[in-house]
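Colleague: Provided herewith is a single structure, encoded as structure tokens, for subsequent inquiry.
The values are calculated or read from the model by the stated rules, or taken from the named source; none is laboratory data. Note that the structure is predicted; figures quoted are calculated from it, not measured. Glycine also receives a Cβ, built like all others from the backbone with ideal geometry; neighbour counts cover every protein chain displayed. Protein only, heavy atoms only, side chains kept; ligands, DNA and RNA dropped before computing areas. Shrake-Rupley method; radii C 1.70, N 1.55, O 1.52, S 1.80 Å.
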Amino acid sequence: MLRSFAARLRTLGALRWPPGGRRLPGREPRPALRSFSSEEAILKDYSVPNPSWNKDLRLLFDQFMKKCEDGSWKRLPSYKRIPAEKIQDFKTHLLDPKLVKEEQMSQTQLFTRSFDDGLGFEYVMFYSDVEKRMVCLFQGGPYLEGPPGPIPLCSVVMINSQLDKVEGRKFFVSCNVQSVDEQTLYSEATSIFIKLNPAKSLT
């Protein structure tokens, strides 16, 4: 049983060298994998206007960009960090072909930035250290359609997060999701976060 298990691991490439550094018989050493690239990675910031943004999202974006001029607010960038081939590889390993048909697998999407512009969702986040507040301007696209609910597709909502108070290592945070005109409250929540003490062991 152990031999068959070891054989499977070798097949998967999990065992390259045994303990002690001795080479397994009949196996040639493999070239070392590089953990870095000599090419400079160019990341595109997707938290800027594109043709799929509706007028509400553009208007709010401009309003918050003006708040950024005096340094009291900052826009946070958003990137696609996973290349398309990695996403496809993840989908292939994640989905069981016995349960998911091939045509369904080809239509499967992963959040967040794997969608084409406007199909999944568009968002931009702004943060104010002075106000201890973060605002996410969010536009949901047609791929997010689900059961009937409160937020219409392709509309824009504001997600407001606020640090309410700090008591020692406890951080009290509140959040709400509301319409652009602030007349409709879709959801709200409160939470407590505990800052870990690095001097203490977690075990």
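Colleague: Pairs LYS44/LYS132; LYS132/LYS195; LYS170/LYS200; LYS67/LYS195; LYS132/LYS170: which exceed 20 Å Cα-Cα?
Modeller: Working: LYS44/LYS132 27 Å; LYS132/LYS195 17 Å; LYS170/LYS200 16 Å; LYS67/LYS195 30 Å; LYS132/LYS170 15 Å.
Beyond 20 Å between Cα atoms: LYS44/LYS132; LYS67/LYS195.
Colleague: Where does each of LYS132, LYS55, LYS200 land when they are ordered by accessible area, with a 1.4 Å probe and the largest first?
Modeller: On the way: LYS132 85, LYS55 165, LYS200 140 Å².
Reading off the accessible areas and sorting them downward yields LYS55, LYS200, LYS132.
Colleague: Take the Cβ-Cβ distance between ILE151 and ALA199 as r, set R0 to 35 Å, and report the resulting FRET efficiency rounded to the nearest 0.05. Don't skip to the end; give the middle numbers.
Modeller: Numbers: r = 44 Å, r/R0 = 1.25.
Efficiency, rounded to the nearest 0.05: 0.20.
Colleague: Measuring from label point to label point, each 7 Å out along Cα→Cβ, what is the GLU69 to VAL180 span in nm?
Modeller: 2.1
Colleague: Okay, moving on. Heads up, I need the accessible area for ARG58: 1.4 angstrom probe, whole protein in place, Å², nearest 10.
Modeller: Per-residue accessible area (ARG58): approximately 90 Å².
Colleague: I've got another one for you. What does the net charge come to around LYS55 if you take all other residues with beta carbon closer than 14 Å to its beta carbon, with K and R at +1 and D and E at -1? Walk me through the numbers before you get to the answer.
Modeller: Numbers: positive: ARG58; negative: ASP56, ASP62, GLU122, ASP181.
Result for the neighbourhood of LYS55: -3.
Colleague: Using a 1.4 Å probe on the protein heavy atoms only, what accessible surface does MET65 show? Give it in Å² to the nearest 10.
Modeller: 70
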